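S.K.: One structure is given below, represented as structure tokens, and several questions about it will come after.
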């Protein structure tokens, strides 16, 4: 579980290095989320289960807090449906821990189930992203972390529902600086292929 | 060679084998990571073999464990979605629907479709990656 270096192309001019813990039982999704995060200049630790995540965070055992600062995690992004411990159960454990509750947690899911979204947001999740997660989603998370990641107060959450070809998500908004509407990135999901220039270039 | 690769690629989209997620993955490639998409696809094919075997094993035990079949297919559908495998994903959904109503014949038929689409896409993507590599 080595912490991966930041990706190339991340300038060092004052760019903060955020450390994200990604939790997903799918090896494919772990690879993709790792890449998305590295491109957004984050350090990534990717683990395959909630129990591994808790081990890493030092919540489940006698791990001393020596070196905890090195492992400081700025964000946890977790899949919802995982065998054993679900993302929701992981969320509850994190929010139930005095040591870890301040770390923002984002849930990812391939299923757009309102009850699920509500349950997670009520338990203190920062955001709920539809899979497959895209670069625009991760960039938004990075912006959130850059702003201090402390707008914990969920004033309201918007939910855009789209037709089957698109995904939706929930936004948590800060009173003073509402995040740019997810509908922009949600609309990106719906961008018709024909508008992409590279498809037309066959010469 | 380059034209051939581009043609193959466009065909994959036009014929509905791939969707926008594949484009999203391509956007994550750069000079330092020029083979990212191919790596993800390879990972998908290795991992999905395991899932297919798991389904086959579950289908051998009667009465069928529909819940288990649905769980495995859910994972399969998730990975297919992550690489933009549009047709495979669609067949996975169809299988899940048959599972949910306990339609044995439907499941058997649909599982064949899943495997066929899975194999067809693999061939086409292997061709495409080969051509793309030679074109560089």
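S.K.: Filter region A:12-24 down to residues that are surrounded by fewer than 18 Cβ atoms within 10 Å (Cβ to Cβ) and modelled with pLDDT of 60 or more and give me whichever is farthest from the other protein chains (Cβ to nearest Cβ).
M.R.: Step by step, filter region A:12-24, then rank; the result is A:16.
S.K.: Can you tell me which condition residue B:99 does not meet? The list is (1) more than 9 Å from chain A (Cβ to nearest Cβ); (2) crowded, with 20+ Cβ neighbours inside 10 Å; (3) within 13 Å of the chain's Cα centre (by Cα), and all the others hold.
M.R.: Unmet for residue B:99, out of (1) more than 9 Å from chain A (Cβ to nearest Cβ); (2) crowded, with 20+ Cβ neighbours inside 10 Å; (3) within 13 Å of the chain's Cα centre (by Cα): (3).
S.K.: Which residues, taken from region B:57-75, are over 16 Å from residue A:32 (Cβ atoms) and surrounded by 12 or more Cβ atoms within 10 Å (Cβ to Cβ)?
M.R.: Residues satisfying the conditions are B:58, B:59, B:64, B:65, B:66, B:68, B:69, B:70, B:71, B:72, B:73, B:74.
S.K.: Would you pick out the residues in region B:1-24 that are buried (at least 16 other Cβ atoms within 10 Å of the Cβ) and more than 7 Å from chain A (Cβ to nearest Cβ)?
M.R.: Passing the criteria: B:5, B:8, B:9, B:12, B:17, B:18, B:19, B:22.
S.K.: For region A:94-109: of the residues being without any contact (Cβ under 8 Å) to a residue 60 or more places away in the chain and crowded, with 19+ Cβ neighbours inside 10 Å, which is farthest from the chain's Cα centre (by Cα)?
M.R.: It comes out as A:94.
S.K.: Also, I was wondering about something else. If a residue has to be outside any helix (DSSP H, G or I) and surrounded by fewer than 22 Cβ atoms within 10 Å (Cβ to Cβ) to count, how many in region A:111-143 make the cut?
M.R.: Number satisfying all stated conditions: 5.
S.K.: Looking at residue A:129, is it at pLDDT 50 or above, within 26 Å of residue B:74 (Cβ to Cβ) and touching a strand residue (DSSP E or B) at 6+ places or on another chain (Cβ under 9 Å)?
M.R.: yes
S.K.: Looking at (1) modelled with pLDDT of 95 or more; (2) under 29 Å from residue B:31 (Cβ atoms); (3) surrounded by 16 or more Cβ atoms within 10 Å (Cβ to Cβ), which one does residue B:91 not meet, given that it meets all the others?
M.R.: (2)
S.K.: In addition: In region B:31-43, how many are over 13 Å from residue A:32 (Cα atoms) and facing chain A (nearest Cβ under 7 Å)?
M.R.: 1
S.K.: A further question on this structure: Quick one: in region B:35-50, of everything that is within 17 Å of residue B:120 (Cβ to Cβ) and touching a helix residue (DSSP H, G or I) at 6+ places or on another chain (Cβ under 8 Å), which residue is surrounded by the fewest Cβ atoms within 10 Å (Cβ to Cβ)?
M.R.: Per the criteria, the residue is B:45.
The values are calculated or read from the model by the stated rules, or taken from the named source; none is laboratory data. Note that the coordinates shown come from a computational prediction; the quantities given were computed from them, not determined experimentally. Glycine also receives a Cβ, built like all others from the backbone with ideal geometry; neighbour counts cover every protein chain displayed.
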